[in-house]
Structures are given as C-alpha cells and as structure tokens.
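Notes follow once the structure below has been shown.
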Amino acid sequence: MEAFRYSLDKSSKKFVCPNCNKKTFVLYIDTETGNYLTTDFGKCDREQNCNYHKAPPKGKKAYLIEFLGLNSISDKAYKLTDLNGIILIIPKSQILEQSKTDCWISEWYLRTSTINYLSNESKYFNTDEVSFVNENRTIPQPPKLKGSYHSLDLLVTMYLENPKGNNLTEFLKSKFTNEEVFNAMQNYFITGTNHFWNDATVFWQINDKTLIQGAKIMLYDRFTGKRIKEPYNHINWLHKATKEPDFMLCQCLFGLHRINEDYQKTIAIVESEKTAIMMSIFIPDYIWIATGSKQNLKFNLLKPIKKRNIVLFPDKGEYTNWLNKTNELNAIGFKIAVSDLIEQTDFENGFDLADYYLNL
C-alpha cells in the first residue's frame, strides 16, 4: 500500500465543520510531524447531510539519489550518471529537487527503474513544482578513496612458508597434470595459508599496476574441490589475519594483473576465482579473470578493461542479471558479450563453466 504524508486523524477528536458548523469534522494530520493541518482540511462525518471533504495535496514521495553528473539532454529529460558510472535517462518531471551531488527522484519513477533506492533517505514533496538549488548541472567526479595495499614481500613470504600448497591445489592435481597446475598457480600467484584454517587458499587481488589490493582466504575440500560452507562459509581476508586495523580494502578483479600479458586476447570473466584458474588451463586462448562474487560486476572494477573485448560466462541462474548489467556498461562504451552456455544446461543454479568442462 502506498504511504501518504497526510491522513485523516484516527483518534476520536472532532472539530467544528467549516461547512455545517457541527462538531463532526475530522482533521487531516501530518504523519511525519504529528501535527494537524489547518482547520479547512478534513472530512465531515455527516456524509448524508453535509458531505464536506477537503483533502490536502497528496504529495509525492521521493528518495535521495547521489550522482556523478546530471545533464539536460532535452526539454523533458536529464541524463544522470550514477556513482557506478551507469547512465540513466530520467524525465525532468520526476526530479523534484537537485543539489550539486544528489537529487530527489520520485518513488513512482524509481519503482520502474534499475536504481537501488529503498535504503536511501526519503521525504515528501507537496506540490508538482520543481525546485533547483543549483543550476550548474556539470558535476565533477568526487575524489576517490585510496585503498590500502599489501606488500609484495608479504606474498613472497607466504609462498615460501607454504611450499606444500593447499587443498585447492591438491584437488586440481587430480584433474590436470602437475605442470599445468604449477603454471596456473604461478600465473595467479596462488599461495596456501594456515591463517584461520589449515591448508586454505589465498587469492591475491593484484591490479593492472601490479599492486596488491587485497587477499581473500578461502577453504576448499581437497577431494571434491568444493568450498567449505558448513557450519559456516569459510571466507576471510588476509588483512584481518595479519591484524591490520587501518587496512582499507578496495577490491579489484581477481587476475586483473594478467591483462598486460597479451593485449590482443579477449578477456573472459567468470564469478569464481577457482573457475578462472581452471578455465585458464582448459582454454588458454582467453585471459581469465573473476569477479569474486555476482555483485562485483560493476563499473569501478571493470574500468581498467573498458577498452578490451570482454565475454562473460555467468553461473547458472545469473544470466539475466549479468545481461542487464552488461547492457548498462555497453551503453557507456564497454564491449561486452554474454554467453548463455551455462543457462541452457539442465543443471541447478550455481553450476558454472568449470563444472561444465569437468562434466564433458
């Protein structure tokens, strides 16, 4: 049910009706302040003899949306660039107020858009008038927060401390030759660790400038190659293990450092780090990288590969979501194709490209 700012008072209080002068008048109340409106806004209970009813303006509920840019493209529409770099075309009538970095967009419009808004600040606008706080609509991009980096020495030290590998490496050796596994582990700088859990795997997030932006620790079953999810999901981060309270995690795509190996190769993106490693063995003609989660297919993480040819291989059940995101990214200059290979299989949701090739 749609929520309105003003509603008839539900208490037993009655006031004098401005039409019939009987004390049968129910006033409208402001649901946000709890105050009554002026005494002409209300409804008389004498529906047959009086029937006086004056309702206040319904008001439009709107949500606060932050943006990088808001530019007029016609008499009726704006082009809004959101914080992820996604471009949206929004009717001018639905932007109820604007400042330099954000604007209030009507709930009615947001319900039909791709903008996430439900957790944002909201308020009501009581007229259809549009109020512009600042007419300058060319908004500079806010300064980026600088993330922290792990040292290369830390990676080398951990590699030397865990020469025997980890559960994931042992599983891969049951599917590929030792040489193939060794080369893949070298290409992605995979190391083992006993932080949090014995024989866990460290996936180093190394960017295109060879800086280490993060290191995710995950535990696998050495016989099935599946992640350990019981009694809880065994995922953590190296900066927590090394007790770096000031470390600011700013993720990048897993395997991003590999894009500099060959500028002609197409970049293939999957969700799982393990899948990227395995597919680099199955199909070495692509550069395989991983988002690390289905939510990480976003502008900030893909920006370093914007000029490259990209193909996505979403897990079963994620094809539509990744296709919708791809359409948004392609609209701002990316060259991305989406494969529906896994979506056409009869396997359950979560099945991915590595599973497909293992079952061939």
Check your understanding: Given the residues K265, K243, which is the only one that is part of a loop (DSSP other than H, G, I, E, B), without any contact (Cβ under 8 Å) to a residue 40 or more places away in the chain, farther than 23 Å from I332 by Cα and open to solvent by 30 Å² or more (accessible area, probe 1.4 Å)?
Key -> K243
Review point. Within region 291-360, which helices (runs of 4 or more DSSP H) (wholly inside it) include 2 or more residues that are within 26 Å of G225 (Cα to Cα), open to solvent by 40 Å² or more (accessible area, probe 1.4 Å) and touching a helix residue (DSSP H, G or I) at 6+ places or on another chain (Cβ under 7 Å)?
Key: none
Practice item. Scan region 94-122 residue by residue and report those that are out of contact with any Leu (no Cβ under 8 Å at 6 or more places or on another chain) and not hydrophobic (A, V, I, L, M, F, W, C). Key: Q94, E97, S99, K100, T101, E107, Y109, R111, T112, N116, S119
Practice item. Give region 218-240 a look and list any residue that's open to solvent by 60 Å² or more (accessible area, probe 1.4 Å) and over 22 Å from the mean Cα position of the chain (by Cα), or say none. Key: R222, F223, T224, K226, R227, K229, E230, P231, Y232, K240
**Study point:** Candidates S174, S148, S119, filtered to the one that is at pLDDT 80 or above, closer than 25 Å to S272 by Cα and open to solvent by 60 Å² or more (accessible area, probe 1.4 Å)
**Key:** S174
Exercise for review: Please identify the pairs in which a residue from region 77-89 that is open to solvent by 60 Å² or more (accessible area, probe 1.4 Å) has its Cβ atom under 7 Å from the Cβ atom of a residue that is at pLDDT below 80 and assigned to a loop (DSSP other than H, G, I, E, B), counting only partners at least 6 apart or on another chain.
Suggested key: K79/I73
Review point. In region 90-101, how many residues are under 17 Å from Y124 (Cβ atoms), at pLDDT 85 or above and surrounded by fewer than 18 Cβ atoms within 10 Å (Cβ to Cβ)?
Key: 1
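Would you mention how many residues in region 87-106 are assigned to a loop (DSSP other than H, G, I, E, B) and in contact with a strand residue (DSSP E or B) (Cβ under 8 Å, 6 or more places away or on another chain)?
So the count comes out to 1.
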Practice item. Identify the single condition in (1) out of contact with any strand residue (DSSP E or B) (no Cβ under 8 Å at 6 or more places or on another chain); (2) modelled with pLDDT under 85; (3) open to solvent by less than 100 Å² (accessible area, probe 1.4 Å); (4) over 30 Å from K79 (Cα atoms) that P142 does not satisfy, given that it satisfies every other one. Key: (4)
Revision key, fill the gap. (1) within 28 Å of S174 (Cβ to Cβ); (2) within 20 Å of the chain's Cα centre (by Cα); (3) at pLDDT 95 or above all hold for C252 apart from (1)
Practice item. State all residues of region 276-301 that are without any contact (Cβ under 8 Å) to a residue 60 or more places away in the chain, of a type outside the set (S, T, Y) and more than 15 Å from H257 (Cβ to Cβ); if no residue qualifies, say none. Key: I283, P284, D285, K294, Q295, N296, L297
Review point. Which residues, taken from region 60-76, are crowded, with 16+ Cβ neighbours inside 10 Å and of a type outside the set (K, R)?
Key: A62, Y63, I65, F67, L68, G69, L70
Check your understanding: Given the structure, is T114 within 29 Å of Q295 (Cβ to Cβ), surrounded by fewer than 17 Cβ atoms within 10 Å (Cβ to Cβ), touching a helix residue (DSSP H, G or I) at 6+ places or on another chain (Cβ under 9 Å) and of a type in the set (S, T, Y)?
Key -> yes
Review point. Does at least one position in region 265-272 carry a residue that is closer than 20 Å to W204 by Cβ, of a type in the set (D, E) and at pLDDT below 95?
Key: no
Exercise for review: Check region 199-217 and report whether any residue there is under 16 Å from M158 (Cβ atoms), open to solvent by 20 Å² or more (accessible area, probe 1.4 Å) and without any contact (Cβ under 8 Å) to a residue 60 or more places away in the chain.
Suggested key: yes
Study note, to complete from the structure: Residue set K303, K316; condition under 26 Å from Y220 (Cα atoms) and not polar (S, T, N, Q); output residue K316
Review point. For G34, all conditions in the list (1) more than 30 Å from S113 (Cα to Cα); (2) in contact (Cβ under 8 Å) with a residue 12 or more places away in the chain hold save one; what is the number of the exception?
Key: (2)
**Study point:** strands (runs of 3 or more DSSP E) lying entirely in region 185-238 (those with 3 or more residues that are under 17 Å from F171 (Cα atoms))
**Key:** 191-193, 200-206
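The values are calculated or read from the model by the stated rules, or taken from the named source; none is laboratory data. Being a predicted model, the structure only gives us computed values, none of them experimental. Please note: Cβ atoms are built from the backbone with ideal geometry, for glycine as well, and neighbour counts cover all protein chains shown. Note: accessible area is taken over every heavy atom of the protein model, side chains too, but ligands, DNA and RNA are not part of it. Shrake-Rupley method; radii C 1.70, N 1.55, O 1.52, S 1.80 Å.
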